[in-house]
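Peer 1: Would you mind keeping the following structure in view while I ask a few things?
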Amino acid sequence: MVDAHIIDGKALAAKIKENIARKIATCPLKPNLAVILVGNDEASLIYDRSKQKAAQSVGMDCHIYHLDENVSERELIELISQLNNDHHVHGILVQLPLPKQINSLRILMHISPEKDVDGFNPYNIGLLQANSSQAIVPATPKGILYMLHSVYSDLTGKSAVIIGRSNIVGKPMTALLLNHNCTVTVVHSKTQNIEDVVKQADIVIAACGKPKMIKASWIKEGAFVVDVGINRIDGKICGDVDFDDVSKKAAYITPVPGGVGPMTIAMLLENTVAAFAQQNDLEI
């Protein structure tokens, strides 16, 4: 029995994409997103194709640059430089993780901050930390914030615990929630008494990559639980949260699949449209 209210990421994302499509329809030009995929990871390829399909569904151009797994760092940087200098390209993202011969941070630093629709260039990370309205916010944290705001108009004073300290989710999510006046704690594999820490939170964001790790015993009654995890057990997708258990105790919960994933893609499209508008001095 599920007692928690399920936050439907697919439905929220559909509304966002409808709004984006209306904006693009009024423009004389189309936003253009470039996605760079290195290697043949099937999950990454499927994910990038879903981004391309979503972009095209709102009237946006999107091209996937699929490079060999053995591509050199120099060749990848040359492609990024070409895209940086192409005024027909408004957003650039590089699918992570990259092969071991490539320094990911060096690659992200080469993406023009104005076209960095993933928000991973250190310049945009710095703007986020500084609570600047000019920051391009990473899509997953931005999508999570939207989901939280679908319930709470104001996050001021809320206690939030983020499980996981990755550069993609945990760290930018921390900055974003601090910017919205939450009290934020980050726990990770080295945290002692992690269950006790998590149990104090009004908001729990699980991004640790451990299937069904978070149990109801970890959760405060009435908490909002966001599950970022995507794991496979016996061919079935599940999150980092034990949904069946936790949903009996939480007030709000996001499902996997159909929760954070669709919101991430919607926010990537929103970031691309914003970058396109800024580069063309448009108000849309």
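Peer 1: Here is a list: Asp196, Asp202. Which entry is acidic (Asp, Glu) and either touching a residue at least 60 places away in the same chain (Cβ under 8 Å) or surrounded by fewer than 18 Cβ atoms within 10 Å (Cβ to Cβ) (or both)?
Peer 2: On the way: Asp202 fails: either touching a residue at least 60 places away in the same chain (Cβ under 8 Å) or surrounded by fewer than 18 Cβ atoms within 10 Å (Cβ to Cβ) (or both).
Residue meeting the stated conditions: Asp196.
Per-residue answers, yes or no, for (1) of a type in the set (A, V, I, L, M, F, W, C); (2) at positive phi; (3) at pLDDT 95 or above; (4) in contact with a strand residue (DSSP E or B) (Cβ under 7 Å, 6 or more places away or on another chain):
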{"residue": "Pro141", "(1), (2), (3), (4)": "no, no, yes, no"}
{"residue": "His149", "(1), (2), (3), (4)": "no, no, yes, no"}
{"residue": "Asp154", "(1), (2), (3), (4)": "no, no, yes, no"}
{"residue": "Lys158", "(1), (2), (3), (4)": "no, no, yes, yes"}
{"residue": "Ser166", "(1), (2), (3), (4)": "no, no, yes, no"}
{"residue": "Pro172", "(1), (2), (3), (4)": "no, no, yes, no"}
{"residue": "Leu178", "(1), (2), (3), (4)": "yes, no, yes, yes"}
{"residue": "Val184", "(1), (2), (3), (4)": "yes, no, yes, yes"}
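Peer 1: Looking at region 186-211, which of its residues are touching a strand residue (DSSP E or B) at 6+ places or on another chain (Cβ under 6 Å) and of a type in the set (D, E, K, R)?
Peer 2: Passing the criteria: only Asp202.
Peer 1: Select from region 193-228 the residues that are in a loop (DSSP other than H, G, I, E, B) and among the hydrophobic types (A, V, I, L, M, F, W, C) and write down the one among them that is farthest from the chain's Cα centre (by Cα).
Peer 2: Of the residues in region 193-228, the ones in a loop (DSSP other than H, G, I, E, B) are 193, 199-202, 207-213, 215, 219-223, 228.
With the extra rule that they be among the hydrophobic types (A, V, I, L, M, F, W, C), the set shrinks to 201, 207-208, 213, 219, 223, 228.
Values: Ala201: 21, Ala207: 11, Cys208: 14, Met213: 21, Ile219: 23, Ala223: 21, Val228: 9 Å.
Looking at residues that are in a loop (DSSP other than H, G, I, E, B) and among the hydrophobic types (A, V, I, L, M, F, W, C), I get Ile219.
Peer 1: When you look at Phe276, is it under 28 Å from Ala25 (Cβ atoms) and aromatic (Phe, Trp, Tyr), yes or no? Give the steps one after another, and end with the answer.
Peer 2: Working: under 28 Å from Ala25 (Cβ atoms): yes; aromatic (Phe, Trp, Tyr): yes.
Yes, satisfied.
Peer 1: Would you mind finding the one in Lys190, Lys171 that is crowded, with 16+ Cβ neighbours inside 10 Å and either outside any helix (DSSP H, G or I) or of a type in the set (Lys, Arg) (or both)?
Peer 2: So the residue among Lys190, Lys171 that is crowded, with 16+ Cβ neighbours inside 10 Å and either outside any helix (DSSP H, G or I) or of a type in the set (Lys, Arg) (or both) is Lys171.
Peer 1: Right, another one. Take the residues of region 229-272 that are out of contact with any Cys (no Cβ under 9 Å at 6 or more places or on another chain), part of a helix (DSSP H, G or I) and polar (S, T, N, Q): which is nearest to Ser133 (Cα to Cα)?
Peer 2: Asn271
Peer 1: On the basis of being under 19 Å from the mean Cα position of the chain (by Cα), more than 17 Å from Leu96 (Cβ to Cβ) and not assigned by TED's automatic domain parsing to the domain that holds Ile92, does Lys53 make the cut?
Peer 2: Numbers: under 19 Å from the mean Cα position of the chain (by Cα): yes; more than 17 Å from Leu96 (Cβ to Cβ): yes; not assigned by TED's automatic domain parsing to the domain that holds Ile92: no.
So Lys53 fails the test.
Peer 1: Can I ask one more? Within region 1-14, track down each residue that is surrounded by fewer than 16 Cβ atoms within 10 Å (Cβ to Cβ) and of a type in the set (Gly, Ala, Ser).
Peer 2: Once the filter is applied, which keeps residues that are surrounded by fewer than 16 Cβ atoms within 10 Å (Cβ to Cβ) and of a type in the set (Gly, Ala, Ser), region 1-14 yields Ala11, Ala14.
Peer 1: Scan region 215-243 residue by residue and report those that are at positive phi and modelled with pLDDT of 95 or more. Quick ask: steps written out before the conclusion?
Peer 2: Going through region 215-243, the residues at positive phi turn out to be 222, 234-235.
Residue satisfying the conditions is Gly222 alone.
Peer 1: Just name the residue that is nearest to Asn280 (Cα to Cα) out of those in region 15-70 that are touching a residue at least 60 places away in the same chain (Cβ under 8 Å) and exposed (fewer than 15 other Cβ atoms within 10 Å of the Cβ).
Peer 2: The qualifying residue nearest to Asn280 (Cα to Cα) is Leu29.
Okay, residues lined up against (1) at pLDDT below 95; (2) outside any loop (DSSP other than H, G, I, E, B); (3) in the same structural domain as Ile230 (by TED's automatic domain parsing); (4) under 17 Å from the mean Cα position of the chain (by Cα):
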{"site": "Tyr47", "(1), (2), (3), (4)": "yes, yes, no, yes"}
{"site": "Ile77", "(1), (2), (3), (4)": "no, yes, no, no"}
{"site": "Leu83", "(1), (2), (3), (4)": "no, yes, no, no"}
{"site": "Ile125", "(1), (2), (3), (4)": "no, yes, no, yes"}
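The values are calculated or read from the model by the stated rules, or taken from the named source; none is laboratory data. From a predicted model like this one, the values you see are computed outputs, not experimental measurements. Every residue, glycine as well, gets a Cβ built from its backbone with ideal geometry; the counts of neighbours run over all protein chains shown.
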